[in-house]
There are 2 protein chains.
Amino acid sequence: MTNPPHDLNSFDRPSVTVDVVIFSLAMAQNDLRVLLVQRSREPYIGLWSLPGGFVHVNESLEAAAARQLAAKTGLESVYIEQLFTFGEPQRDPRRHVITVAYSALVPYSIIEEPAPNAPLQWFSVYDRPKLAFDHADIVDYALQRLRYKLEYTSVGFELLPNEFTLSSLQQAYEIVLAEKLDKRNFRRKILSADIIQETGQKSRSGEGRPAKLYRYQDNAVAEIKARRLFP
Amino acid sequence: MTNPPHDLNSFDRPSVTVDVVIFSLAMAQNDLRVLLVQRSREPYIGLWSLPGGFVHVNESLEAAAARQLAAKTGLESVYIEQLFTFGEPQRDPRRHVITVAYSALVPYSIIEEPAPNAPLQWFSVYDRPKLAFDHADIVDYALQRLRYKLEYTSVGFELLPNEFTLSSLQQAYEIVLAEKLDKRNFRRKILSADIIQETGQKSRSGEGRPAKLYRYQDNAVAEIKARRLFP
DNA sequence: ACAAAAGTGTTGGTGTTACACCCATGT
DNA sequence: ACATGGGTGTAACACCAACACTTTTGT
């Protein structure tokens, strides 16, 4: 989002915003969602856009991104990562605004659903409305990057609650990658990567055999071995 | 480089620069070099720093980076890539300056050596002077990224002239990765990637058997197959 | 003829994919 | 007892790493 400043002076330098692509999973709907805000003023009034805003002076970029995230979700310590900086002069029709794009991963179902007509909604990344500015490019880029990182790092765990079953982890991977994975191969690879541990508990959610619950060993997103998780 | 503006007003928003890590190979010295400029004013006067400067209004980031590159090297159409954006408020002791770091690869020996006391010099990335601001971090990051991309894309060709031998290509890889590679495996992998073609010519540089010359097929830096070039 | 660099194959090991059935629980 | 989802092993194949000698040229 690139709101106008309160004074409309034209400065001789571009200004800087952050925009945050906030992803979360809707496991029940088998869907990857992104949080969008509806613009209340020109330009692009009524269109949806990424949460974002100006970087304050003496505020780090990551702090600015975290501030946007906290403002929209109330969440503070979630995974957040710089993506890319978009600076085409015409990306904002009013004046030159450079935006540093961030991506955040919010654990599944941590946030309650907004009211149906709220100006803040979750949308499927696979079926989203027309976005303001170049935000569609930013979301596309973020998705591509998320998929890529899912394959060779352990970011995937950031989308799940602390304790999870291997099936739900696999489902998360399948939703993001938009493809089916082989159950046995998936389990072997995750287990052999040695990054999760059993909690000793079992989930008993409805029917079927209860599944072992696992915990991610480390909060840091580490490279998984030398090789990709799913080539 | 983050020069002060001519007026020293303190604005209420951070300003934006680009800094460019310009790499080139010194094949004869088996060295990877980076182009640095010596600062002529405070802060960090006398220290070396990356070529850089403010992004003009209505100028794209990539254009600003290309402008810096052309100003220092005279080169226009070389490989240039956005790396990361550094925005810690204290990275410039004067005021908040956000810099978008770019990396450029300049073909081997395209540029003449500057005069010995010029304020613009090539330095070995492995043995470089103390750098101003956070530029040492930026160079480290650029080197890490270059190594990484070398492994799974074809950026390596950007460091060589249009026509090259497999031995010189291997030498380029060895310099950047700072490790020896197996000749037979290297050749097999490059040739099977199907991204270079024989020119039909041979290099006859001094002693030894003349080597076939190859040309890179495509100017675009493409992913090489699904797998890394050198895992 | 010899020094120097170019060029060339094979083998063992490791990782990856594809694939089908039994197990524990709730109804 | 049956429906539901959890959990497990193996065999063929592809890719990778390690390794040494022959060829072509200049001197």
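Here, each number is a calculation from the coordinates, and none is a lab measurement. In this text the structure is predicted, and so the values were computed from the model without any measurement. Every residue, glycine as well, gets a Cβ built from its backbone with ideal geometry; the counts of neighbours run over all protein chains shown.
Mind pulling the per residue volume of the convex hull built on the Cα atoms of chain B? Å³ is fine.
Measuring per residue, one finds 142 Å³ for the Cα hull of chain B.
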Rounded FRET efficiency, nearest 0.05, which uses the C-beta distance separating residue A:90 from residue B:174 and R0 of 56 Å: 0.80
For residue A:137, label point 7 Å along C-beta direction: distances to other copies, nm: 2.7
Ascending list, in nanometres, of distances separating the residue B:181 label from those of the other copies (7 Å, Cα toward Cβ): 3.0
Counting DSSP beta bridges with both ends in region B:8-134, the antiparallel % (nearest 5): 65 percent
Two-site label geometry, residue A:163 and residue B:182: point separation in nm, points 7 Å out along Cα→Cβ: 4.8 nm
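As a test, work out the antiparallel percent of DSSP beta bridges whose residues both lie in chain B, rounded to the nearest 5. Kindly include the intermediate steps, with their values, before the conclusion.
On the way: 30 of 41 bridges.
Bridges in chain B are about 75 percent antiparallel.
Between residue B:110 and residue B:63, what FRET efficiency comes out of the Förster formula 1/(1 + (r/R0)^6) with R0 = 30 Å and r the beta carbon distance, rounded to 0.05?
Values: r = 21 Å, r/R0 = 0.70.
That gives a FRET efficiency of 0.90.
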Chain A, relative contact order [Cα under 8 Å, separation at least 6], %: 20 percent
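Take every DSSP beta bridge whose two residues both sit in the protein assembly as shown, then give the antiparallel share in percent to the nearest 5. Spell out each step's value before the answer.
On the way: 60 of 82 bridges.
Expressed as a percentage, antiparallel bridges in the protein assembly as shown total about 75.
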Cα-based Rg of region A:152-216 normalised by 2.2 N^0.38 Å, two decimals: 1.07
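Hey, with R₀ at 30 Å, roughly what FRET efficiency would residue A:29 and residue A:201 work out to, going by the Cβ-Cβ distance, to 0.05?
Efficiency computed from Cβ-Cβ geometry: 0.70.
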For region A:8-134, the fraction of alpha-carbon pairs in successive 10 Å shells from zero, as %: 12, 42, 35, 10, 1
Under 21 Å from residue B:149, Cα to Cα: lysines that are on another chain or at least 8 residues apart: A:149, A:225, B:180, B:183, B:189, B:225
Derived scalar couplings ³J(HN,Hα) [region A:25-32; Karplus, 6.51 cos²θ - 1.76 cosθ + 1.60; whole Hz; x for Gly, Pro]: 9, 10, 4, 4, 9, 6, 9, 9
Cα-based shape type of region A:72-148, given that a ≥ b ≥ c are square roots of the gyration tensor eigenvalues and the cut on a/c is 1.5: prolate
Stokes-Einstein D (µm²/s) once Rh is taken as the Kirkwood radius of the protein assembly as shown over alpha-carbon pairs, at 37 °C in 0.692 mPa s: 133 µm²/s
